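Encoded as structure tokens, the structure appears first; notes follow it.
The values are calculated or read from the model by the stated rules, or taken from the named source; none is laboratory data. What you see is a predicted model; the values in this text were computed from it and never measured. Note: ideal-geometry Cβ built from the backbone for every residue, glycine included; neighbour counts use all protein chains shown.
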Amino acid sequence: MSAQDDLPKLLGDCVHCGFCLPTCPTYVLWGEEMDSPRGRIHLMQQHAEGAPLNAPMVQHFDQCLGCMACVTACPSGVQYDRLIETTRAEVEREHPRSLKERAIREAIFRLFPYRRRLRALRGPLRAYQKSGLDRLVRRSGVLERISPSVAAMERLAPPLGKAPRLPEFVAARGKRRATVGMLTGCVQGEFFPGVNAATARVLALEGCDVVIPGNQGCCGALSLHSGREDEARAFARRTVETFESADVIVVNSAGCGSAMKEYRALLADDPAWAARAEALSAKTRDLAEFLVELGPRAERRPLPVTLAYHDACHLSHAQGVRAQPRALLGGIPELTVMEIAEPDLCCGSAGTYNLLQPEAASALGDRKAVNVDATGAELLVAANPGCSMQIATALQRRGAHIAVAHTAQVLDASLRGLGRDALVGRTS
């Protein structure tokens with residue numbers, strides 16, 4: 001049954017106990033009931049009973065990050081993730097947005113899910129960064145006056161270097177233990193290519209043949225989590241076609257992995273695709289999840305680094321993957337892992353949230369940066385490209401000189417014996 005058909009029951013599961021309130025980033029920021037999960041469910045109930053989707057109601061839905069912290073905290077098992085995605089799809093179908101809103105949303109969704117378009121942007125963006133013009137533009141504030149969303153896009157872009165291109169097959173080192181398909185992602189693939197390269201090396205060093213389809217496209221995560229259901233289904237079908245012959249699909253981006261595990265619900269009402277989507281969701285694994293299931297084989301060499309580990313919301317809350325990254329990092333000699341205060345509070349990235357709600361996102365990013373800085377760590381580790389960009393930008397605003405890396409890059413440095421210099425000083 002679809003979430004739309006099941007809506008009355010899903011809404012009725014909420015007993016308005018308030019356990020979700022201290023976990024909700026926007027409620028923590030503003031203390032506004034209608035900007036809490038409980039308040040938004042009340043608005044959803046009003047709409048289900050006939051109230052129109054007016055501008056104030058839609059604003060409260062738009063201001064939700066979709067971080068799913070409330071799902072983890074809820075003692076009644078309320079499926080807020082399904083509720084907010086269903087509601088956002090209704091908003092996109094029924095609510096007429098302003099011309100300015102439509103323009104920025106179309107710009108985002110015509111760019112970020114398309115690797116070739118992002119790749120075409122790399123050259124000009126890299127030249128812009130190397131020229132120093134970026135610093136001048138930020139000091140002038142001209143982009144903020146044109147559009148806070150455009151200013152956020154410019155500000156969040158990571159420093160770009162040369163982008164290594166992965167082959168379509170990377171052979172296992174030593175005896176083969178598994179064959180895996182690897183999702184390279186859109187933003188991950190073009191803005192963080194080093195993460196993908198490290199992921200492939202780690203998998204190979206742990207005895208995996210790695211198949212990296214060259215024709216893979218967007219998984220649909222950004223579209224799915226923004227209410228663009230038809231677009232998300234089209235991306236999902238293509239991803240299923242690309243990867244369904246794989247025994248297991250390894251994903252190193254939390255948002256992408258979460259979306260692919262949701263295909264079973266996204267395509268549940270499509271007779272031609274439901275079983276295929278269910279099968280793909282069942283064999284999708286986050287990198288850390290898969291490596292812990294596989295078990296270590298390659299030698300871990302010492303890394304005398306102190307790092308802070310950040311729980312990406314779509315990894316910890318949506319996928320329930322919390323212990324596995326810590327177990328992997330904890331197995332590296334001389335590595336010290338620090339916990340960050342308020343670990344369940346979103347950093348403000350949330351897919352497109354930091355572009356569409358830049359003020360709230362910046363406030364959450366700054367709060368996260370304070371907590372990261374307080375650990376005294378010299379390296380921040382996250383498992384999602386959006387989180388990496390968001391927190392790195394907030395740390396820069398704070399003047400905190402903390403490098404940023406992915407779990408795969410830390411493992412790669414240890415397995416190859418590269419030492420701490422391979423990580424400290426890294427900004428992407």
Exercise. List the pairs whose first member sits in region 319-332 and is over 13 Å from LEU291 (Cβ atoms) and touching a residue at least 24 places away in the same chain (Cβ under 8 Å), whose second member is of a type in the set (S, T, N, Q) and buried (at least 16 other Cβ atoms within 10 Å of the Cβ), and whose Cβ atoms are under 8 Å apart, counting only residues at least 6 apart or on separate chains?
Worked result: GLN319/SER258
For this session: Scan region 144-202 residue by residue and report those that are in a helix (DSSP H, G or I) and within 20 Å of ASN215 (Cβ to Cβ).
Result: VAL187, GLN188, GLY189, GLU190, PRO193, ASN196, ALA197, THR199, ALA200
Seminar exercise, completed: Cβ pairs under 7 Å, 6+ apart or interchain, first in region 233-262 and closer than 14 Å to ALA288 by Cα, second β-branched (Val, Ile, Thr) and part of a helix (DSSP H, G or I), ordered by first then second residue, are ASN252/VAL195; ASN252/THR199
For this session: Return a yes/no flag: does region 68-84 have any residue that is of a type in the set (Ser, Thr, Tyr), surrounded by 21 or more Cβ atoms within 10 Å (Cβ to Cβ) and either outside the structural domain of THR352 (by TED's automatic domain parsing) or assigned to a loop (DSSP other than H, G, I, E, B) (or both).
Result: yes
Seminar exercise, completed: ARG276 meets each of (1) surrounded by fewer than 24 Cβ atoms within 10 Å (Cβ to Cβ); (2) under 30 Å from ARG173 (Cα atoms); (3) assigned by TED's automatic domain parsing to the domain that holds ALA221 with one exception, condition (2)
Exercise. Taking THR306 and the conditions (1) in contact with a strand residue (DSSP E or B) (Cβ under 9 Å, 6 or more places away or on another chain); (2) assigned by TED's automatic domain parsing to the domain that holds GLY185, which numbered condition does it fall short on, given that it satisfies the others?
Worked result: (2)
Problem set entry | Cβ-Cβ under 6 Å pairs, at least 6 apart or on other chains, region 402-423 side over 12 Å from ALA197 (Cα atoms), far side surrounded by fewer than 21 Cβ atoms within 10 Å (Cβ to Cβ) and among the charged types (D, E, K, R) | ALA403/ARG426; ALA405/ARG426; SER414/ARG300; SER414/ARG301; GLY417/ARG301
Seminar exercise, completed: Counting only residues in region 146-204 that are among the hydroxyl-bearing types (Ser, Thr, Tyr) and over 22 Å from the mean Cα position of the chain (by Cα), the one farthest from SER281 (Cα to Cα) is identified as SER147
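For THR306, are the conditions met, namely being of a type in the set (Val, Ile, Thr), in contact (Cβ under 8 Å) with a residue 40 or more places away in the chain and touching a Gly at 6+ places or on another chain (Cβ under 8 Å)?
On the way: of a type in the set (Val, Ile, Thr): yes; in contact (Cβ under 8 Å) with a residue 40 or more places away in the chain: yes; touching a Gly at 6+ places or on another chain (Cβ under 8 Å): yes.
Yes; evaluated as a whole, the condition is true for this residue.
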Seminar exercise, completed: Flagged in region 402-427 as assigned to a loop (DSSP other than H, G, I, E, B), more than 23 Å from the chain's Cα centre (by Cα) and modelled with pLDDT of 90 or more, in numbering order, are ARG416, GLY417, LEU418
For this session: Identify the single condition in (1) more than 14 Å from the chain's Cα centre (by Cα); (2) in the same structural domain as VAL180 (by TED's automatic domain parsing); (3) outside any strand (DSSP E or B); (4) within 16 Å of HIS406 (Cβ to Cβ) that CYS256 does not satisfy, given that it satisfies every other one.
Result: (1)
Seminar exercise, completed: All-but-one check, ARG119 against (1) of a type outside the set (S, T, N, Q); (2) at pLDDT below 90; (3) part of a loop (DSSP other than H, G, I, E, B), failing number (3)
Exercise. If you go through region 178-219 one residue at a time, how many are modelled with pLDDT of 95 or more and either outside the structural domain of LEU287 (by TED's automatic domain parsing) or on the phi > 0 side of the Ramachandran plot (or both)?
Worked result: 1
Problem set entry | Pairs with Cβ under 6 Å, 6+ apart, first in region 15-41 and part of a helix (DSSP H, G or I), second loosely packed, with under 15 Cβ neighbours inside 10 Å and of a type outside the set (Asp, Glu) | ARG38/HIS16
For this session: Would you check if there is a residue in region 54-67 being touching a His at 6+ places or on another chain (Cβ under 9 Å), in a loop (DSSP other than H, G, I, E, B) and loosely packed, with under 14 Cβ neighbours inside 10 Å?
Result: yes
For this session: Sort out which residues of region 290-325 are under 17 Å from the mean Cα position of the chain (by Cα), crowded, with 21+ Cβ neighbours inside 10 Å and either assigned to a loop (DSSP other than H, G, I, E, B) or of a type in the set (D, E, K, R) (or both), and write them in order of number.
Result: HIS310, ASP311, ALA312, HIS317, ALA318, GLN319, VAL321
For this session: For region 202-211, indicate whether the set of residues that are surrounded by fewer than 23 Cβ atoms within 10 Å (Cβ to Cβ), without any contact (Cβ under 8 Å) to a residue 40 or more places away in the chain and aliphatic (A, V, I, L, M) is non-empty.
Result: yes
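Please go through region 317-353 and pick out each residue that is among the basic types (Lys, Arg) and either at pLDDT below 95 or under 30 Å from ARG88 (Cα atoms) (or both).
Quick first cut of region 317-353, residues among the basic types (Lys, Arg) only: 322, 326.
Of everything in region 317-353, just one residue is among the basic types (Lys, Arg) and either at pLDDT below 95 or under 30 Å from ARG88 (Cα atoms) (or both), namely ARG322.
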Seminar exercise, completed: Per the list (1) closer than 30 Å to ALA274 by Cα; (2) out of contact with any His (no Cβ under 9 Å at 6 or more places or on another chain); (3) not aliphatic (A, V, I, L, M), residue check on CYS14 breaks on (2)
Problem set entry | Residues satisfying the stated conditions in region 86-101, i.e. under 23 Å from the mean Cα position of the chain (by Cα) and either more than 15 Å from PHE61 (Cβ to Cβ) or hydroxyl-bearing (Ser, Thr, Tyr) (or both) | THR86, THR87
